[in-house]
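The values are calculated or read from the model by the stated rules, or taken from the named source; none is laboratory data. These numbers were taken from a predicted model, which means no experiment stands behind them. Reconstructed Cβ throughout: ideal geometry from the backbone, glycine too, with neighbour counts over all protein chains shown.
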Amino acid sequence: MMTTFSIKDGILQGATQIASTNFNQRPENTDIRLVVVHNISLPPSQFGGGYIQQFFQNQLDWNAHPYFQTIQGMQVSAHLLILRSGEVIQFVNFNDRAWHAGRSSYLGQVECNDYSIGIELEGSDDLPFEAVQYQQLSQVILAIESAYPKTRQHLAGHSDIAPGRKTDPGDFFQWQTLRQLIFSQRMTK
Ligand SMILES: [Zn+2]
């Protein structure tokens, strides 16, 4: 699977749309200028099941797994989730402020949620990601770059903007693979 994406009015064409209420407005006149890569799996290191989607919609049954009780009541979201299959799901319009980064700072600018786009890969710190996830992520980033040109060259992991607090996307995430895919596809555009 390799999808070509485009963005219209903050909506990623080519993605599945599932609405999350976990967002608010970005501060006025904020330029979107950073893409943050994360990983998530629920329960940790287990894939499938639809629990991430339920979590971002505040519909997760906290009793379905002991781990879920440790995140009970948390209200979070990301703009996008890329499943192991490569399916891309959008939860929050890019022009709105998703709740993915928490306390964070990039190049001296705090509160990354204000000015970033958050992309979760279904994955964990202790397992490799799927090739199709890198392909889809690179295609999505190219679409984001063309809609929000200030994001170009500003790509970070959650661990980069919240060091000591967050470890994702983790040591298995291959930045080099991602950068090569982005670069080679920029050349063919
Ligand atoms: Zn994260």
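The table that follows gives values for the structure above.
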| quantity | calculated |
| --- | --- |
| Total residues in the stretch 3-25, condition assigned to a strand (DSSP E or B) and under 15 Å from the mean Cα position of the chain (by Cα) | 5 |
| Candidate set from the stretch 97-113 (those that are within 14 Å of the ligand (Cβ to nearest atom) and in a strand (DSSP E or B)); member that is surrounded by the fewest Cβ atoms within 10 Å (Cβ to Cβ) | Y106 |
| Residue in the stretch 61-90 that is surrounded by the fewest Cβ atoms within 10 Å (Cβ to Cβ), counting only those that are free of Cβ contacts under 8 Å to residues at least 40 places away in the same chain and of a type in the set (G, A, S) | G73 |
| So N58, is it without any contact (Cβ under 8 Å) to a residue 24 or more places away in the chain and out of contact with any helix residue (DSSP H, G or I) (no Cβ under 7 Å at 6 or more places or on another chain) | no |
| Number of the exception - A64 against (1) within 16 Å of the ligand (Cβ to nearest atom); (2) more than 21 Å from D126 (Cα to Cα) | (1) |
| Residue match in the stretch 160-180 (condition: at pLDDT 95 or above, surrounded by fewer than 20 Cβ atoms within 10 Å (Cβ to Cβ), within 11 Å of the ligand (Cβ to nearest atom) and assigned to a helix (DSSP H, G or I)) | yes |
| Test: residue in the stretch 26-37 that is assigned to a loop (DSSP other than H, G, I, E, B), touching a residue at least 60 places away in the same chain (Cβ under 8 Å) and out of contact with any helix residue (DSSP H, G or I) (no Cβ under 7 Å at 6 or more places or on another chain) | no |
| Matching residues, the stretch 36-46, being more than 13 Å from L81 (Cα to Cα) and either under 11 Å from the mean Cα position of the chain (by Cα) or more than 14 Å from the ligand (Cβ to nearest atom) (or both) | P43, S45, Q46 |
| Qualifying residue in the stretch 144-153 (condition: over 14 Å from the mean Cα position of the chain (by Cα), among the aliphatic types (A, V, I, L, M), surrounded by 14 or more Cβ atoms within 10 Å (Cβ to Cβ) and in a helix (DSSP H, G or I)) | yes |
| Selection within the stretch 149-159 - away from the ligand (no atom under 16 Å from the Cβ) and within 15 Å of I119 (Cβ to Cβ) | T151, H154 |
